[in-house]
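Reviewing the structure listed below.
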Amino acid sequence: MTANGSAKARLSKADKVTLDKLEAANVPVAVQKTDDKSYGNGVDGLLGMSFLSRFEVQMAAGAIEVRTRQPKK
């Protein structure tokens, strides 16, 4: 299930997913059959909550910032 409803995909696990300097290991992934226009020019796929939930994510003023979680004091 996605935010837009159900989608067909093969479920797997990525050993490592990186976004710039951020990295997560053993990330569950859903691999869909797509064409070059599925997500837009230069976009290989979408980052889901299985990756993003490992980081601090802030959305404001049309921008999204993803950074390493700070240890709780």
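The values are calculated or read from the model by the stated rules, or taken from the named source; none is laboratory data. Note that the coordinates shown come from a computational prediction; the quantities given were computed from them, not determined experimentally. Virtual Cβ from ideal backbone geometry, glycine too; neighbours counted across all protein chains shown.
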Exercise for the section: Kindly indicate the residue of the range 25-44 that is among the small types (Gly, Ala, Ser) and free of Cβ contacts under 8 Å to residues at least 12 places away in the same chain and also surrounded by the most Cβ atoms within 10 Å (Cβ to Cβ) among those meeting that condition. Expected result: Ser38
Problem - the range 46-55, residues that are within 8 Å of the chain's Cα centre (by Cα) and surrounded by 13 or more Cβ atoms within 10 Å (Cβ to Cβ) - result: Leu47, Gly48, Ser50, Phe51, Leu52
Exercise for the section: Determine the pairs where a residue that is outside any strand (DSSP E or B), located within the range 60-73, has a partner that is among the aromatic types (Phe, Trp, Tyr) with Cβ atoms under 9 Å apart, the partner being 6 or more residues away or on another chain. Expected result: Thr68/Phe55; Arg69/Phe55
Problem - Residue selected from the range 2-19 under the condition within 15 Å of the chain's Cα centre (by Cα) and at pLDDT below 80, by the criterion surrounded by the fewest Cβ atoms within 10 Å (Cβ to Cβ) - result: Ala3
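The rows are residues; the columns are (1) under 23 Å from Lys72 (Cα atoms); (2) assigned to a loop (DSSP other than H, G, I, E, B); (3) among the polar types (S, T, N, Q).
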{"site": "Thr34", "(1), (2), (3)": "no, yes, yes"}
{"site": "Val43", "(1), (2), (3)": "no, yes, no"}
{"site": "Leu47", "(1), (2), (3)": "no, yes, no"}
{"site": "Phe51", "(1), (2), (3)": "yes, no, no"}
{"site": "Arg54", "(1), (2), (3)": "yes, yes, no"}
{"site": "Val57", "(1), (2), (3)": "yes, no, no"}
Fill in the blank from the handout: Across (1) without any contact (Cβ under 8 Å) to a residue 40 or more places away in the chain; (2) under 13 Å from the mean Cα position of the chain (by Cα); (3) closer than 22 Å to Gln70 by Cβ, Leu22 clears everything bar (1)
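Residues checked against (1) in contact with a strand residue (DSSP E or B) (Cβ under 9 Å, 6 or more places away or on another chain); (2) at pLDDT below 90:
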{"position": "Glu23", "(1), (2)": "yes, no"}
{"position": "Asn26", "(1), (2)": "yes, no"}
{"position": "Phe51", "(1), (2)": "yes, yes"}
{"position": "Glu56", "(1), (2)": "yes, no"}
{"position": "Ile64", "(1), (2)": "yes, no"}
{"position": "Pro71", "(1), (2)": "no, yes"}
